[in-house]
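Reviewing the structure listed below.
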Amino acid sequence: MIFFGIFFFINFAQNIKVMDYFVHESSYIDEGVQIGKETKIWHFCHVMTDSVIGERCNIGQNVFIAPHVIIGNNVKVQNNVSVYSGVICEDDVFLGPSMVFTNISYPRSAVVRRDQYETTKVCKGATIGANATIICGHTIGRYALIGAGSVVTQDVPDYALMVGNPARQKGWVSEYGIPLQFDEKNLAICSESREQYQLTPKGVVKL
């Protein structure tokens, strides 16, 4: 009996899937979801099948993640955000509270267009402020900053600062999110990181 008990325990232990991420007991994770290590998913979330969430992400309260969504590493999704099918978030993206994605340009309740979801890509390091709306089919460039309440209706360049409805570019920001002031040589230094940037005809690059 002792031998059988040990055998059963070893066999049971081998079949236990060790979770190296945290999911609050009030949240639902469907089958087929991939979640990276050290990611935290908090209260009242629903993550649907075949979506991918990277490592060290923080998914706030009342977040919905639709099927086939891809979220990179170290992404922060604040409370009350719905990430719909067609959205791709690269590493280090910040999605502010109650910001909104769309995935169909001309939605109708009576017309099924599930095969027409458009791709929206949020590139590495970008920030989307609280209550902003991102119209589908556009790309938010690397380290861009979308101001709170803005409505994005076009592609956004890397490092661009966008505000308003519709969102217009009002300047450039560093990888730390600090507004950049360019001199007569089109050079700027981030006041926080002390990293240097150059304004070129194609946009801003970090030196």
Mind listing just one residue for me: the one in segment 50-97 that is among the aromatic types (Phe, Trp, Tyr) and within 20 Å of Ser150 (Cα to Cα) and, of those, least open to solvent (accessible area, probe 1.4 Å)? Phe94
Does Gly125 satisfy the condition of being under 12 Å from the mean Cα position of the chain (by Cα) and part of a loop (DSSP other than H, G, I, E, B)? yes
Can you name the condition, by its number, that Ser174 falls short on among (1) open to solvent by less than 30 Å² (accessible area, probe 1.4 Å); (2) more than 30 Å from Cys136 (Cα to Cα)? (2)
Quick one: count up the residues across segment 98-111 that are surrounded by fewer than 21 Cβ atoms within 10 Å (Cβ to Cβ) and within 12 Å of the chain's Cα centre (by Cα). 1
For segment 147-168, state whether one or more residues are without any contact (Cβ under 8 Å) to a residue 12 or more places away in the chain and of a type outside the set (Asp, Glu). yes
Of the residues Gly125, Gly141, only one is of a type in the set (Gly, Ala, Ser) and in contact with a Lys or Arg (Cβ under 6 Å, 6 or more places away or on another chain); which? Gly125
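Inspect segment 118-125 for any residue being of a type outside the set (D, E, K, R), within 16 Å of Cys57 (Cα to Cα), at pLDDT 95 or above and in contact with a Phe, Trp or Tyr (Cβ under 6 Å, 6 or more places away or on another chain) and give the result as yes or no. Steps first, please.
Step one: of segment 118-125, the residues of a type outside the set (D, E, K, R) are 119-120, 122-123, 125.
Filter once more, so that each one left must be within 16 Å of Cys57 (Cα to Cα): 122-123, 125.
Pick out the ones that are also at pLDDT 95 or above and you get 122-123, 125.
The next check asks that each one be in contact with a Phe, Trp or Tyr (Cβ under 6 Å, 6 or more places away or on another chain); those that pass are 125.
Yes, segment 118-125 contains at least one residue that is of a type outside the set (D, E, K, R), within 16 Å of Cys57 (Cα to Cα), at pLDDT 95 or above and in contact with a Phe, Trp or Tyr (Cβ under 6 Å, 6 or more places away or on another chain).
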Do the conditions hold for Arg142, that is, is it closer than 19 Å to Ala160 by Cβ, modelled with pLDDT of 95 or more, open to solvent by 60 Å² or more (accessible area, probe 1.4 Å) and not aliphatic (A, V, I, L, M)? yes
Within segment 120-168, which residues are of a type in the set (A, V, I, L, M, F, W, C) and over 18 Å from Ile88 (Cβ atoms)? Ala130, Leu145, Ala148, Val151, Ala160, Leu161, Met162, Val163, Ala167
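The values are calculated or read from the model by the stated rules, or taken from the named source; none is laboratory data. Since the structure is predicted, the reported quantities are computational estimates derived from the model, not experimental observations. Neighbour counts are summed over all protein chains in view; Cβ atoms, including those assigned to glycine, are modelled from backbone coordinates with ideal geometry. For the accessible areas, the whole protein counts, side chains as well, though only heavy atoms, and no ligand, DNA or RNA atoms are used. Shrake-Rupley method; radii C 1.70, N 1.55, O 1.52, S 1.80 Å.
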